[in-house]
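The values are calculated or read from the model by the stated rules, or taken from the named source; none is laboratory data. Keep in mind that what you see is a predicted model, and the values were worked out from it rather than measured. Cβ atoms come from the backbone with ideal geometry, glycine included; neighbour counts cover every protein chain shown.
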Amino acid sequence: MPVGEAIGCVRIANGVSQEELALRVEIDRSYMGGIERGESNVTILNLVKIAGAMGLTASELLEQAGL
């Protein structure tokens, strides 16, 4: 599964909206949506922030994606 799709799945499983996650990570909501749809690349720094905002490490998030 693509990383963005894994982010979306974990986010939904945690009951967090895209807007809330974007606020926690301090990125634009449209960029977050682009990441989840595979339209925008996620930087390593933002991957770490996104994972942390959901209580995971970056490696745990990547494992969710099967990487």
Applying the selection to the range 13-25, what residues are touching a residue at least 24 places away in the same chain (Cβ under 8 Å) and out of contact with any helix residue (DSSP H, G or I) (no Cβ under 6 Å at 6 or more places or on another chain)?
ASN14, VAL16
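Per-residue answers, yes or no, for (1) among the basic types (Lys, Arg); (2) part of a loop (DSSP other than H, G, I, E, B); (3) in contact (Cβ under 8 Å) with a residue 12 or more places away in the chain; (4) more than 11 Å from GLY4 (Cα to Cα):
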site	(1), (2), (3), (4)
ILE27	no, yes, yes, yes
SER30	no, no, no, yes
GLY33	no, no, yes, no
GLU36	no, no, yes, no
VAL42	no, yes, yes, no
ALA51	no, no, no, yes
GLU60	no, no, no, yes
GLU63	no, no, no, yes
Can you report the number of residues in the range 18-41 which are among the polar types (S, T, N, Q) and in contact with a Lys or Arg (Cβ under 8 Å, 6 or more places away or on another chain)?
1
Has the range 53-61 got at least one residue that is more than 11 Å from the chain's Cα centre (by Cα) and of a type in the set (Asp, Glu)?
yes
Looking at this structure, is ILE12 modelled with pLDDT of 95 or more and under 9 Å from the mean Cα position of the chain (by Cα)?
no
Taking VAL10 as meeting all but one of (1) at positive phi; (2) touching a residue at least 40 places away in the same chain (Cβ under 8 Å), write down the number of the exception.
(1)
Looking at the structure I just gave you, is GLU19 surrounded by fewer than 15 Cβ atoms within 10 Å (Cβ to Cβ), modelled with pLDDT under 95, not polar (S, T, N, Q) and not in a loop (DSSP other than H, G, I, E, B)?
no
Flagged in the range 23-44 as within 15 Å of VAL10 (Cβ to Cβ), out of contact with any Leu (no Cβ under 7 Å at 6 or more places or on another chain) and surrounded by 17 or more Cβ atoms within 10 Å (Cβ to Cβ), in numbering order, are VAL25, ILE35, GLU36, VAL42
